[in-house]
1. Taking only pairs six or more apart or across chains, which ones have beta-carbon atoms under 7 Å, a first residue in the stretch 113-127 that is closer than 16 Å to Glu273 by Cβ, and a second residue that is of a type in the set (A, V, I, L, M, F, W, C) and part of a helix (DSSP H, G or I)?
2. Residues in the stretch 87-102: is at least one in contact with a helix residue (DSSP H, G or I) (Cβ under 9 Å, 6 or more places away or on another chain), free of Cβ contacts under 8 Å to residues at least 60 places away in the same chain and either part of a strand (DSSP E or B) or surrounded by fewer than 13 Cβ atoms within 10 Å (Cβ to Cβ) (or both)?
3. Kindly indicate the residue of the stretch 1-42 that is hydrophobic (A, V, I, L, M, F, W, C) and free of Cβ contacts under 8 Å to residues at least 12 places away in the same chain and also farthest from Asp54 (Cα to Cα) among those meeting that condition.
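Derivation of every value follows stated rules applied to the coordinates shown; laboratory data play no part. Just so we're clear, the structure is a prediction, and the values are computed from it rather than from any experiment. Don't worry about glycine lacking a Cβ; one is built from the backbone with ideal geometry, like all the others, and counts go over all protein chains shown.
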Amino acid sequence: MEAERKEVLLIGPLKPVVVKGLDAACTVHKVAEAKDRDAFISAHSHVRAIACSDTRESIPGNLMARFPRLEIVSSFGVGYDHMDVKWAAAHNVVLTNTPGVLTEEVADTALGLLLCTVREFCQAERYLRAGKWLRQGYPLSKTTLRNRTVGMVGMGAIGQAIARRLDAFGVPVVYHTRQPRHELRYRHYPNLLEMTRAVDILLVIIPGGPATQNMINAEVLDALGRDGILINMARGSVVDEAALIKALKEKRILSAGLDVYAKEPEVPEALIEMDNVVLFPHVGSGSVHTREKMDQLVVDNILAWATGKPPLTPVPETPWRARGKD
């Protein structure tokens with residue numbers, strides 16, 4: 001006898017990989033197709049699994065509370081600050097994300113952003129397009145990687161992948177985390193300000209959320225100094241955006257390269273107007289290849305749960321605990 005198909009509520013855009021993968025094994029209730037979202041959710045409050053296909057979809061505790069039998073929320077993205085981890089942990093709901101499959105893509109983007117910022121590649125490209133090269137060569141870039149040390153704020157899988165690339169470039173790397181990674185040969189700084197004073201480039205690659213809110217503040221930027229460069233590949237919330245704009249305007253730091261912002265997709269006009277700032281539209285993992293792998297991991301976590309197996313990538317705060325049979 002064929003096993004009963006599990007029911008899943010799908011929140012977010014109807015991405016082909018996610019829809020096809022879930023439809024093949026589950027009965028999928030698609031919120032995006034509902035005329036009345038609230039009524040649709042109420043009508044499916046019996047489901048035990050939610051799939052979320054976009055980190056722009058918030059999964060707060062009061063939403064999860066509407067599903068009394070909820071066991072798992074499988075969400076797209078390595079960051080999971082859009083989900084209420086504290087509520088989920090307190091109610092034995094497992095949250096999963098999609099780490100690993102985007103590590104190398106994000107690390108590639110980080111190096112691209114770093115190079116563009118340090119060597120002014122974006123500015124040089126605009127210079128050529130404006131026809132200015134016909135009149136005069138582009139000025140020598142003010143900085144280089146050749147005399148710089150990169151201080152990594154965060155040294156998880158993506159941070160280590162970035163550090164490996166910097167090794168190949170011959171660029172010294174040090175890092176700040178709460179606890180040292182003893183398996184790594186890079187120097188660890190337990191104090192962020194101490195590390196920031198010792199480096200020329202601060203590259204941020206840590207999770208978002210309350211614990212890291214405005215971690216890169218005016219004091220840190222002042223410690224980075226007038227020749228310092230900030231690269232943010234983490235979350236917009238990690239950097240005090242107003243303090244960064246002020247530091248750039250007052251030339252207390254040299255430049256910045258940003259892939260993330262406090263209120264995406266809104267970017268402060270003050271940043272857009274600055275020629276010494278390189279701005280990417282949150283493209284860290286933004287290739288078809290990598291996004292499809294992330295989408296598939298959303299599916300695979302649900303499929304593992306549906307067959308009674310542990311989800312593949314639960315977040316650390318909500319480890320999988322086997323449930324009893326209905």
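1. Close Cβ pairs satisfying both conditions: Cys122/Cys116.
2. First, the residues of the stretch 87-102 that are in contact with a helix residue (DSSP H, G or I) (Cβ under 9 Å, 6 or more places away or on another chain): 87-88, 90-91, 93-102.
Subsequent filtering for residues that are free of Cβ contacts under 8 Å to residues at least 60 places away in the same chain retains 87, 90-91.
After this cut, where a residue has to be either part of a strand (DSSP E or B) or surrounded by fewer than 13 Cβ atoms within 10 Å (Cβ to Cβ) (or both) as well, the list is 90.
The answer is yes; a qualifying residue exists.
3. Of all residues in the stretch 1-42, those hydrophobic (A, V, I, L, M, F, W, C) come to 1, 3, 8-11, 14, 17-19, 22, 24-26, 28, 31-32, 34, 39-41.
Okay, now just the ones that are also free of Cβ contacts under 8 Å to residues at least 12 places away in the same chain, so 1, 3, 19, 24, 34, 39-40.
Working: Met1: 35, Ala3: 29, Val19: 13, Ala24: 20, Ala34: 17, Ala39: 21, Phe40: 19 Å.
Of everything passing the filter in the stretch 1-42, Met1 is farthest from Asp54 (Cα to Cα).
Matching residues to (1) in contact (Cβ under 8 Å) with a residue 24 or more places away in the chain; (2) surrounded by fewer than 15 Cβ atoms within 10 Å (Cβ to Cβ); (3) among the small types (Gly, Ala, Ser):
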residue: Tyr186; (1), (2), (3): yes, no, no
residue: Leu192; (1), (2), (3): yes, no, no
residue: Met195; (1), (2), (3): yes, no, no
residue: Pro207; (1), (2), (3): yes, no, no
residue: Pro210; (1), (2), (3): no, yes, no
residue: Ala218; (1), (2), (3): yes, no, yes
residue: Ile231; (1), (2), (3): yes, no, no
